[in-house]
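Here is the structure we will look at.
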Amino acid sequence: MSFDISNIRKDFPILNQKIYNRPLVYFDNAATTQRPQQVIDALTRTYSEYYGNIHRAAHYLADKATMAYEETREKAQKLINAETREQIVFTKGATESINLVAYSYGEAFMQEGDEIIVSEMEHHSNIVPWQLMAQRKKARIVMLPMDDDGRLLIEQLDALITKRTRIIAVGHVSNVLGTINPVKEIIEKAHTRGVHVLIDGAQAVPHLQIDVQELDADFYAFSAHKMYGPNGVGVLYGKRELLEQMPPYQGGGEMISEVSFAGTSYNELPYKFEAGTPNISGVIAFGAAIDYLQNIGLETVSRVETEILKYATAELNKIQGMKIYGTQIKKSGVISFNVEGVHFFDLGTMLDKFGIAVRTGHHCADPLMDHFGIQGTVRVSFAFYNTKEEVDLFIEALKKVIQMF
Ligand code: PMP
C-alpha cells in the first residue's frame, strides 16, 4: 500500500477534531494509540453480527466468534513470526503477560537464592512483577545499568550473569528514552550461559518488524492498545518447552481439561493460560488492527516515524535550555525532555490548551528518573499518522508556553 497521509488520517476519526478551538495534535502515542475506523467497525460488527461466548457453545454465533477470535491468534503469530499459534497467549496487556511469566516461570524454575536481571530503564510493569516473584521465591534482583545517553551497559552483562541467574527481563524499546535496545545480543549472551530472556515489546511491536524466532526470544510481551487495537488485550509469546513446563497463572473455565475434587488436569497450550471469558470482541478487533498495520507495512511505519523523530529532535534542540533524555542513534519515535526553569507539569498542562496532547511525569519508570536525578519529563511520542506540520504546531506552542515563564 502506498503511504498517503491524508487518506491515513481520514481513517482515524478522533484525530480530525478541534479542541479548545485548535486542531488536535496527538503526541501521546507511547501511552496509547488511536484506532482507525476499520478497528472500530470490527468491534461494532462483532457485537452486532456474531457475538457469543467462545470455544464452549455449539451454536452459530459462538462458532463464528470462536473462529474470528482464533483468526487473530494466527494474525498475531504471523506478525511476530512465532513458530506455532499455540505459543500466542492472549492476556489483557503487556503488564499481564509479564505478570504471567513472573508468576508461572517463578513457580517452575526459581529457587531460593536465584537471580533475575532487570534493566535500569524498565517500565514499572517489567520491574514490580519480578519483585513480587523475588519476594515469594526468596530470589534476588540484579540491575543492568545504563549510561547517561540511555544506552544499556551490556558489556557488563557477562559479569552480572552468575550461576544463580535464571532469567533477564528487558524492554525492546524504552518508553521514556526511545532507545532500541540490542535485544538480540542480550539474548545471545544470556543463552550461552543457559539464561532465559523475557522481552517487553510493548513499545516495539507497533513500530518495528519483530521476528521472535530470529531474536530467539524465550518470552515476548506486548499490548494491542499501543498498536491501534482495543485496550484490554495483550499477547504473550513463549517458547513451547517453557510454556509447557510452567503451571497455570489463573484457574477457571477454559484452562482445564478435567476437573474433580480429587484433582484437575490442565488444558493444552495456549488455553492453559487463558482462564475465564476473555475480551472476545477486543481480540477480534485486534485482528483488524494487525491487518491495518501490515497493510501499511512496518518498514513504512518505521521510516515515517523516524523522519518525524529527526525533524522534531532538531527543532527541539534549537530551543534554549532544552535537555533531551535519550540520545541514542537507534531510537524509536519518543522524545523526553525538560526545559530549564519550567516544570514539566506546567509545560504539559499549557501545551494541552494549545491543542497539543503530550505526557508528563515519571512515565512509570522511577529508577530511570532516579538515574537522571529528575522527577519527570515532558514526553512526545509519534505514530505514522503524525506529520511535520503537527511538529511545527507543537514547537510554536512550546515556544509560547516557555515565554510565559
Ligand atoms: N512496558 C512498556 C515499555 C510500556 O511502555 C508499557 C505501557 N506504558 C507497558 C509495558 C505496560 O503496558 P500495558 O499498560 O498496556 O499493560
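Table for the structure above
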| quantity | calculated |
| --- | --- |
| Where Y325 falls short, out of the listed (1) surrounded by fewer than 17 Cβ atoms within 10 Å (Cβ to Cβ); (2) under 12 Å from G178 (Cβ atoms); (3) among the hydroxyl-bearing types (S, T, Y) | (1) |
| Residues that are in a helix (DSSP H, G or I) and more than 16 Å from the ligand (Cβ to nearest atom), drawn from the stretch 192-248 | T192, V212, Q213, E214, L215, R240, E241, L242, L243, E244, Q245 |
| Candidates E112, E96, filtered to the one that is assigned to a helix (DSSP H, G or I), open to solvent by 10 Å² or more (accessible area, probe 1.4 Å) and either within 16 Å of the ligand (Cβ to nearest atom) or farther than 21 Å from V183 by Cβ (or both) | E96 |
| Subset of the stretch 53-77 (residues that are open to solvent by 60 Å² or more (accessible area, probe 1.4 Å), touching a residue at least 40 places away in the same chain (Cβ under 8 Å) and farther than 18 Å from K272 by Cα) | E71 |
| Some residue of the stretch 66-79 being away from the ligand (no atom under 16 Å from the Cβ), assigned by TED's automatic domain parsing to the domain that holds Q213 and in contact with a His (Cβ under 6 Å, 6 or more places away or on another chain) | yes |
| Scan of the stretch 81-93 for residues that are part of a loop (DSSP other than H, G, I, E, B), within 16 Å of the ligand (Cβ to nearest atom) and open to solvent by less than 20 Å² (accessible area, probe 1.4 Å), ordered by number | G93 |
| Selection count where residues are of a type outside the set (A, V, I, L, M, F, W, C) and either within 12 Å of the ligand (Cβ to nearest atom) or surrounded by 22 or more Cβ atoms within 10 Å (Cβ to Cβ) (or both), scope the stretch 174-191 | 5 |
| Residue selected from the stretch 364-381 under the condition within 14 Å of the ligand (Cβ to nearest atom) and under 30 Å from D11 (Cβ atoms), by the criterion surrounded by the most Cβ atoms within 10 Å (Cβ to Cβ) | S381 |
| Count of the stretch 17-51 residues which are open to solvent by less than 50 Å² (accessible area, probe 1.4 Å) and either at pLDDT below 95 or assigned to a strand (DSSP E or B) (or both) | 5 |
| Residue selected from the stretch 161-173 under the condition assigned to a strand (DSSP E or B) and more than 11 Å from the ligand (Cβ to nearest atom), by the criterion most open to solvent (accessible area, probe 1.4 Å) | R166 |
| Residue selected from the stretch 117-145 under the condition assigned to a loop (DSSP other than H, G, I, E, B) and among the charged types (D, E, K, R), by the criterion farthest from the ligand (Cβ to nearest atom) | K138 |
| Counted residues, the stretch 179-214 - those being of a type in the set (D, E) and touching a Gly at 6+ places or on another chain (Cβ under 6 Å) | 1 |
| Among (1) modelled with pLDDT of 95 or more; (2) in contact with a strand residue (DSSP E or B) (Cβ under 8 Å, 6 or more places away or on another chain); (3) open to solvent by 40 Å² or more (accessible area, probe 1.4 Å) - the single one G234 does not satisfy | (3) |
| Where a residue in the stretch 195-211 is in contact (Cβ under 8 Å) with a residue 40 or more places away in the chain and its partner, wherever it lies, is open to solvent by 20 Å² or more (accessible area, probe 1.4 Å) and within 13 Å of the ligand (Cβ to nearest atom), with Cβ under 8 Å and at least six apart | D200/H123; A202/H123; A202/K226; Q203/K226; A204/I180; V205/K226; P206/K226; L208/I180 |
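The values are calculated or read from the model by the stated rules, or taken from the named source; none is laboratory data. Predicted, not measured: the structure shown is a model, and the values here were computed from it. Here Cβ is always computed from backbone atoms with ideal geometry, including for glycine, and neighbour counts include all displayed protein chains. Each accessible area value is taken on the protein alone, full model and side chains, heavy atoms only, with ligands, DNA and RNA left out. Shrake-Rupley method; radii C 1.70, N 1.55, O 1.52, S 1.80 Å.
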